[in-house]
Amino acid sequence: MTTPHTRLRIALIQVRAHRASMMQEQSCFIERCRIARQRFTFINLVHTPNVGWRDVEDSHAVIIGGAGAFSVTDAGQPFTAPMTDLVHEIIDRDRPLMGVCWGHQFLIKHTGGTVTTDPEQAEIGTYAANLTPAGRADPLFEDCPSPFWVQLGHKDSAGGLGPGWRELAYSDRSRYQAVRLDDKPVYGTQFHTDLNEERLRERLHVYFDDYVEDEEDYERILRSLRPSIDADRLLERFLDLYA
């Protein structure tokens, strides 16, 4: 039995070095989850690297967000080992878990998969994602058409999955746009379930130097943006189904 939205407690794990981007990401997840701010616990790994089960045990679901300029390919971060232990404990305890962009990559890399930095496979803007047969059958994507529009901003890409992961959605450049672990309430999306068209526009402005080549590239990306109505509903549906 799931918990009413008014009583849910959600832990959002972030990796944001800039306060403005940290606050913007929080607002985006609040909007997409349609949960009041006071129902969230916000944990920024930049400030709290030694994260553990104690920090999330009272939450009905855990979300791992994006990371701006951080990469899961950098194993030297002080939060990598504690986060790896936490992810495995969340999975073992069957707590609902959603990884988004960096969070998606972290889940894949630290459960036996691979992630590489590959600018040739970068996706910045609005792209079409397609459901696999497993995706069409999965409850999370039950009402989702194929293809559907998603908001993206990444240079790292998953190259392979560890044991138990299912491919749910893909794009022309990224094979693993959405994945699920076995029959557990554990998902990852390379695309930003927290962003709609306008929110991606805001975030591009913050991370211009990290993700945009020049003004011409910026204008091209802005012209690609369009609404992503179906993807915008996935976080709320995830909570309805599992939390």
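The values are calculated or read from the model by the stated rules, or taken from the named source; none is laboratory data. These numbers come from a predicted model, not from an experiment. Every residue, glycine among them, receives a Cβ derived from its backbone with ideal geometry; neighbour counts consider all protein chains shown. SASA here: full protein model, heavy atoms, side chains in, ligands and nucleic acids out. Shrake-Rupley method; radii C 1.70, N 1.55, O 1.52, S 1.80 Å.
A few points about this structure:
- Where 183, 230 fall by accessible area, highest first, once all protein chains stay in place (1.4 Å): 183, 230
- 3J(HN,Hα) from dihedral phi, region 182-189, Karplus parametrisation 6.51/-1.76/1.60, rounded to Hz, x for glycine, proline: 6, 9, 7, x, 10, 10, x, 10
- Residues with amide H under 5 Å from that of residue 61, placed H, sequence gap 5 or more: 9, 11
- Largest first, the residues 154, 47, 110 sort by 1.4 Å accessible area into 47, 110, 154.
- Over the residues of the chain, the helix contribution to mean residue ellipticity at 222 nm works out to -9000 deg cm²/dmol, using -39500 (n - 2.57) for each DSSP H run of at least 4.
- Amide H contacts of residue 44: 14, each under 5 Å away and 5 or more positions distant or on a separate chain (H built 1.01 Å from N in the peptide plane; Pro and chain starts excluded).
- Taking Cβ atoms as reference points and 15 Å as the exclusive limit, the residues near residue 173 contribute a net charge of -4, counting Lys and Arg as +1 and Asp and Glu as -1.
- Lys, Arg +1 and Asp, Glu -1 on Cβ, resulting dipole of the chain about Cα centre, debye, nearest 20: 740 debye
- Of the residues 158, 169, 189, the one whose Cα sits farthest toward the positive end of the charge dipole of region 135-202, with +1 on the Cβ of Lys and Arg and -1 on the Cβ of Asp and Glu, is 158.
- Protein accessible area in region 22-163, 1.4 Å probe - carbon and sulfur %: 49 percent
- Remark: region 16-25, residue by residue, has Karplus-estimated 3J(HN,Hα) of 10, 7, 9, 4, 4, 6, 4, 5, 5, 5 Hz, where x stands for each Gly or Pro and the curve is 6.51 cos²θ - 1.76 cosθ + 1.60 at θ = phi - 60°.
- Charges were assigned to the Cβ only: +1 to each Lys and Arg, -1 to each Asp and Glu. The resulting dipole of region 37-157 about its Cα centre is roughly 220 debye.
- Around residue 225: net Lys/Arg minus Asp/Glu count, Cβ-Cβ under 13 Å: +1
- Between the amide H of residue 168 and those of 178, 179, 180, distances stay under 5 Å, these residues lying 5 or more places away or on another chain, with hydrogens modeled in the peptide plane.
- Region 66-82 - phi-based ³J(HN,Hα) in whole Hz, Karplus 6.51/-1.76/1.60, Gly and Pro as x: x, 8, x, 8, 7, 9, 5, 6, 8, 6, x, 5, x, 8, 4, 5, x
- Heavy-atom accessible area per residue - the chain, 1.4 Å, Å²: 43 Å²
- Among beta bridges identified by DSSP and lying wholly in the chain, the antiparallel ones come to about 55 percent.
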